[in-house]
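The values are calculated or read from the model by the stated rules, or taken from the named source; none is laboratory data. Since the structure is predicted, the reported quantities are computational estimates derived from the model, not experimental observations. So basically every Cβ, Gly included, is an ideal-geometry build from the backbone, and we count neighbours across all protein chains shown.
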Amino acid sequence: MAATRWQVYLVRCRDNTLYCGIATDLARRLAQHNAGAGAKYIVPSRRPSTCVWKRRARDQGEALRLEYWLKQRTVADKRRLAEGSAGLRRTPDGGWRIVAKKGI
């Protein structure tokens, strides 16, 4: 049996807000969002939504922890990830930090 691949993602909604979630099949999950299934945040006025950032997680637990951590970050931090001007790095204690990408 193949291992489940979890991803943490950010989608940009039509009103330019960002939504963070986790999925094992990102294309299917995005289609669900745009069809109105699942997340109550992505209401009709916010559709369509487009994936602007994603990161693979080792397992569901890590995906949930990273999703929670990202949801605690500022809008500015999430926008930096979505725009590609920043990335994530693991910290020695197993957490994450947002870092500027070089050359940008």
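For this structure, a couple of remarks:
- Flag if residue 48 is part of a loop (DSSP other than H, G, I, E, B), exposed (fewer than 12 other Cβ atoms within 10 Å of the Cβ) and of a type outside the set (A, V, I, L, M): no
- Scanning the range 55-65 for residues that are surrounded by 14 or more Cβ atoms within 10 Å (Cβ to Cβ) and either at pLDDT below 95 or under 17 Å from residue 78 (Cα atoms) (or both) turns up 55, 63, 64, 65.
- Test: residue 21 is buried (at least 17 other Cβ atoms within 10 Å of the Cβ) and among the small types (Gly, Ala, Ser): yes
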